[in-house]
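Undergrad: Would you mind keeping the following structure in view while I ask a few things?
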Amino acid sequence: MTTRREPLINGFHWRHWRGDLTGGVTAAVVALPLALAFGNAALGPGGAIYGLYGAIITGFLAALFGGTPAQVTGPTGPMSVTVAGVVSSLAAAGISRELSQQDMLSLVMAAVVLGGLLQILMGVLRLGRYITLVPYSVISGFMSGIGVIIIGLQIGPLLGISSQGGVLQSLQMVSTNFTPNPGALMVGIATLVVVFTTPKRVTKVIPSPLLGLLLITPLALWIFPENLPRIGSIPAGGLSLNSPNWRTDLPLLLRAGMVLAVLGSIDSLLTSLVADNISQSRHLSNRELVGQGIANSVSGLFSGLPGAGATMRTVINIRSGGKTPLSGMTHSVVLLILLLGAGPLAEGIPTALLAGILIKVGLDIIDWGFLLRAHRLSFKTALVMWGVLLMTVFWDLIGAVLVGMFVANLLTIESLTNHQLGNMNTATGHLTEKEQNLLKCCGDDLLLFRMKGPLSFGAAKGISERMMLIKQYRILLLDITEVPHLGITASLAIERMSNEAKRHRRTVIVTGASGKVKQRLAQFGVIHLIDDRFEALKVALEKINKES
């Protein structure tokens with residue numbers, strides 16, 4: 001029997017080349033202003049071009065090696081915020097004062113390369129399917145927190161005030177040096193007006209961020225030829241291979257790489273799910289992680305920002321006809337042509353214009369639909385969501401996700417335990433007539449409990465605690481015929497019940513166990529395991545008569 005081998009490029013064929021070219025060009029038009037804006041947000045003044053580098057490299061390689069055919073990869077909100085956090089951490093550690101701007105960039109790119117390598121490792125270890133199991137309340141809180149961070153970090157550039165660091169530090173610098181640049185403020189407000197008020201019939205032809213870029217940049221150059229913060233000079237020579245700085249503060253770089261890997265993986269695989277729903281296809285999550293890892297590693301070597309699956313660009317690509325990786329690669333080639341042909345023109349783009357674009361992006365990232373009604377759906381879910389949001393903004397990105405997942409899983413276990421304990425009952429309606437007669441003969445000396453569904457450790461412990469409060473019975477009969485799974489901790493709880501019964505000269509009989517459930521209980525030393533319920537009742541009655 002031969003096994004089907006995956007193609008070198010997932011989902012690649014030439015049947016849809018027209019749609020792929022159209023989708024790729026359209027996605028590139030949307031990606032251009034966003035890449036510049038994310039680069040500026042992540043690395044500060046002069047960083048916009050590195051966002052474009054990242055869009056070109058990650059877009060091409062993630063499409064080539066990834067597992068989601070129509071996905072478009074490039075710098076995103078979470079990734080740019082994380083890179084900005086790396087820069088802030090290096091500044092807080094005093095490292096940035098000791099290095100030149102180029103050395104600082106090399107240090108940041110070392111974290112990007114490490115993040116890509118960790119993503120490859122996650123894909124090789126087949127961790128993709130676990131990443132998509134993050135509870136929605138955690139994802140919603142995290143993404144909304146990212147949106148708040150983006151907005152907070154762009155207040156300074158929108159006003160023409162120099163700011164750096166995290167949200168609190170940036171806002172503090174703005175308030176301390178509150179002398180808005182009138183030109184920057186006018187450019188920023190004009191950009192916001194364009195991106196928020198452009199009619200949909202127009203945005204179908206030209207996306208509002210690009211429209212703002214094309215309209216406001218020349219006007220700003222004409223009206224405010226001086227004293228307006230701009231992107232600044234673009235490095236000559238375009239894309240070039242650079243050696244990352246591995247020698248300075250490796251633990252900080254490893255931590256930053258881990259954050260980039262985890263957040264990039266979550267961001268990409270969530271976008272893959274969106275792409276699946278729209279295109280009626282199915283992505284390969286582990287292959288997608290490997291592809292994203294390769295793309296980000298190479299991007300870091302060329303001083304490009306890390307990327308992830310970009311939801312808006314992917315949706316636009318698919319709706320414009322993109323179906324295969326050719327569309328994502330086309331998007332990158334178009335961006336490369338724009339870089340080579342129009343790169344010098346980007347030097348005059350005002351940073352306030354990019355700030356206006358990013359504020360719109362930040363507002364779009366916030367999960368307003370869930371944010372405003374979560375408290376009506378579930379108080380506990382709302383608590384998790386708001387907690388993750390606040391921790392994301394004011395504490396730590398990866399810490400917020402980990403704490404949110406831990407609390408959300410605890411709440412899920414509690415809910416599952418309560419449900420399982422609710423299913424635990426002493427009703428005898430499920431017994432046959434012969435079994436009911438045997439139960440009557442046993443009288444109060446036998447306590448029968450019937451359990452249904454997978455038995456979690458919380459439910460098993462709850463049963464154990466309830467049994468300790470009941471004093472009358474001499475034999476406990478646990479009917480687990482309808483329990484398909486027992487965890488280690490649940491098995492330990494049943495073992496504990498058996499040991500408690502022995503100390504009080506009582507007996508625990510387990511009936512209905514089969515397969516792995518029976519094997520596990522036997523491994524834990526549960527002696528009285530009887531397959532058939534009728535036989536179990538007979539054994540119980542014999543023990544009662546013998547001890548009477």
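The values are calculated or read from the model by the stated rules, or taken from the named source; none is laboratory data. Since the structure is predicted, the reported quantities are computational estimates derived from the model, not experimental observations. In this analysis, Cβ positions are derived from the backbone assuming ideal geometry, glycine residues included, and neighbour counts consider all displayed protein chains. Accessible surface is based on the protein model in full, side chains and every heavy atom, while ligands, DNA and RNA are left aside. Shrake-Rupley method; radii C 1.70, N 1.55, O 1.52, S 1.80 Å.
Undergrad: Taking the criterion of being modelled with pLDDT under 85 and in a loop (DSSP other than H, G, I, E, B), would at least one residue in segment 98-107 satisfy it?
TA: So far as segment 98-107 goes, yes, one or more of its residues are modelled with pLDDT under 85 and in a loop (DSSP other than H, G, I, E, B).
Undergrad: When segment 44-68 is examined, which residues are found to be out of contact with any helix residue (DSSP H, G or I) (no Cβ under 6 Å at 6 or more places or on another chain) and at pLDDT below 90?
TA: Hits for segment 44-68 are 44, 45, 46, 49.
Undergrad: With 163, 170, 89 as the choices, which residue is open to solvent by 30 Å² or more (accessible area, probe 1.4 Å), without any contact (Cβ under 8 Å) to a residue 60 or more places away in the chain and polar (S, T, N, Q)?
TA: 163
Undergrad: If the Cβ limit is 7 Å and pairs must be 6+ apart or interchain, which residue in segment 320-349 that is of a type in the set (Val, Ile, Thr) pairs with which residue that is not in a helix (DSSP H, G or I)?
TA: 324/11; 324/12; 324/13; 324/16; 324/69; 324/70; 349/230; 349/231
Undergrad: I would also like to ask the following. Being farther than 13 Å from residue 491 by Cα and basic (Lys, Arg) is the filter here, so list the residues in segment 504-548 that pass it.
TA: Across segment 504-548, the qualifying residues are 505, 506, 533, 538, 543, 546.
Undergrad: So how many residues does segment 492-537 have that are more than 45 Å from the chain's Cα centre (by Cα) and surrounded by fewer than 17 Cβ atoms within 10 Å (Cβ to Cβ)?
TA: The number of residues fulfilling the criteria is 8.
Undergrad: Does residue 206 fit the bill of being surrounded by fewer than 18 Cβ atoms within 10 Å (Cβ to Cβ) and over 26 Å from residue 23 (Cα atoms)?
TA: Considered against the rule, which asks whether it is surrounded by fewer than 18 Cβ atoms within 10 Å (Cβ to Cβ) and over 26 Å from residue 23 (Cα atoms), residue 206 comes out as no.
Undergrad: Testing residue 360 on (1) farther than 16 Å from residue 40 by Cα; (2) open to solvent by 10 Å² or more (accessible area, probe 1.4 Å); (3) within 25 Å of the chain's Cα centre (by Cα); (4) not acidic (Asp, Glu), one condition comes back false. Which one is that?
TA: Answer for residue 360: the failing condition is (1).
Undergrad: Condition first: polar (S, T, N, Q) and either open to solvent by 40 Å² or more (accessible area, probe 1.4 Å) or more than 15 Å from residue 392 (Cβ to Cβ) (or both). Now tell me which residues in segment 117-160 satisfy that.
TA: Residues satisfying the conditions are 119, 132, 154.
Undergrad: Sticking with this one: Of everything in segment 372-392, what is open to solvent by 20 Å² or more (accessible area, probe 1.4 Å) and within 28 Å of residue 209 (Cβ to Cβ)? Give them in sequence order.
TA: The answer is 372, and nothing else.
Undergrad: Continuing with the same structure: From 182, 207, 135, 157, grab the single residue that is of a type outside the set (A, V, I, L, M) and more than 31 Å from the chain's Cα centre (by Cα).
TA: One residue alone meets the criteria, 182.
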